[in-house]
Amino acid sequence: MFSSHASGHPDPNLEDLARSFIRKSTFSNARMTNETSTVYAQFRGTPNEDRFTVSEDWELSDHVWQFIAVFDGHGGSTTADYLAKHFTSHLRRSMELSFSYSPESTPSPNPPELLSTARSRSNDTPVILFTNKNISEFLKRQVRAFDEDLGKAVKEICPNPESLSDKEAHALYEAHKMVIARARCGSTMAGILLDKTERRMWVCCVGDSSVVLSTKSPISDRRKAVLLNQHHTAQSPQEYHRVTMAHPSHERDKIWLDGEERIFGTLSMTRAFGDFMYKFPTSFTATLFSKFPSTAMRSVNRVLSYNRTPPYVISDPFVTFVDLTAFSEDEDPAVIIYSDGLEALASRLSIAAMSKGISDVSGSSGAVPTAVDIIGALLGQPLDLAALPSSLTDIFPNNNAAFNLISNLLDKAIPKKLRAHLESMGNDDGNDDEELYIDDVTVIVFQLFTAP
């Protein structure tokens, strides 16, 4: 869309298309703190169910911390929205309770082994060491606890759903819509917890959103990338086996209908926040969850038909530790956090690479590039805005690697569809045409070193 028209003649619609693209986008200018840089960008699909958070830095026991995450909602945006607004504060409060210590303070409510070993900085002032294992275990507990609270809130207002009449159920739903919606809808999370003081990072993910580490070769300037998390979908043999073995053998054909890699033929994620239709008995779905006007209503009937021994979905996260001190400034290390909409675009290019030539897609040679390879290779590539009128260049963000990555992938992977989508949208953000549907794409790029 941003490149010159194939005929070589000016495109009279290019200005309108560019303005429509910007109206559907959210982005930031580079935000620099403690020599690091963070930018975000989002192309809002129809409907937009992605959310994200880039927290302010906070201090705890002489360390500076930051949490950054993308939340990809499904069945509605309610759970993702709630996570974006509240998960960081939950994490920060829990860290302060678990790891803060002073001689005058009361004992930590957590077991002693969960606190890291103290060392003395002066006579009586202990300093808590945030060990890799302790923070990893802490993150796992907090994800599970946050998700459990979503379900507990429903049980508190409705401990016995099977005893309610339809009129009572409707009244309860009307009085507690948001509580019910947060448990009914679902969301993935791809997040990083940063200890900026010691340049350490914990990756914490639930579902199929991604965290990728991209580095540059100081010799060739080419970038390579590695996926840092595992995806929680039935496409993962480990996840497929885990879900299958957690239920009686006679249920197998009911869990994976017709061999589909979706639970009950509806949900691709095997781990997520929310989605309590798949975690609670069917009485909650019949009485409460079915009343929520979701974007995935087909799943209600499937859950009522096949949910026999819940839970089928859990919230246990994937957590891993990365020592950022291992990377030099010459490698320009960048962490890319994104929803699966970006990977879908890169996958299209990966498939195209087989017929078009690998160098045309990623600038690499050898094996066919994966979606992650393509995302890593395109990071840092500028937009080609030469075809745009000079009056438009000012409305595009400066120095935003996340925006450039989204724009380049959309333009390379689905140029005709993107153009048709923008032409059909005009000033209206609602479009039900499946052929023009584009998934939400949200990207955050964290760079350990800022440009001089």
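The values are calculated or read from the model by the stated rules, or taken from the named source; none is laboratory data. For clarity, every value in this text was computed on a predicted model and none was experimentally measured. Here the Cβ is made from the backbone with ideal geometry for all residues, glycine too, and neighbour counts use every protein chain on show.
List of remarks:
- The sole residue among THR295, THR320, THR309 that is at pLDDT below 95 and within 27 Å of GLY186 (Cβ to Cβ) is THR295.
- Of all the criteria given as (1) among the hydroxyl-bearing types (Ser, Thr, Tyr); (2) part of a loop (DSSP other than H, G, I, E, B); (3) crowded, with 20+ Cβ neighbours inside 10 Å, the one not satisfied by SER299 is (2).
- Qualifying positions in segment 314-346 - of a type outside the set (Gly, Ala, Ser), under 29 Å from LEU409 (Cβ atoms) and either assigned to a loop (DSSP other than H, G, I, E, B) or free of Cβ contacts under 8 Å to residues at least 24 places away in the same chain (or both): PRO317, PHE327, ASP332, PRO333
- Failed item, numbered, when TYR278 is tested on (1) at pLDDT 95 or above; (2) among the aromatic types (Phe, Trp, Tyr); (3) in contact with a Lys or Arg (Cβ under 9 Å, 6 or more places away or on another chain): (3)
- Hits in segment 277-291 (condition: within 11 Å of ILE180 (Cα to Cα) and not in a helix (DSSP H, G or I)): MET277, LEU288
- Within segment 233-272, the set of residues being within 21 Å of the chain's Cα centre (by Cα) and hydrophobic (A, V, I, L, M, F, W, C) comprises ALA234, ILE263, LEU267, MET269, ALA272.
- Selection within segment 218-233 - at pLDDT 95 or above, out of contact with any Gly (no Cβ under 6 Å at 6 or more places or on another chain) and of a type outside the set (Val, Ile, Thr): LEU227, LEU228, ASN229, GLN230, HIS231
- Tallying residues that are crowded, with 19+ Cβ neighbours inside 10 Å, more than 16 Å from SER214 (Cα to Cα) and within 17 Å of the chain's Cα centre (by Cα) within segment 319-354 yields 5.
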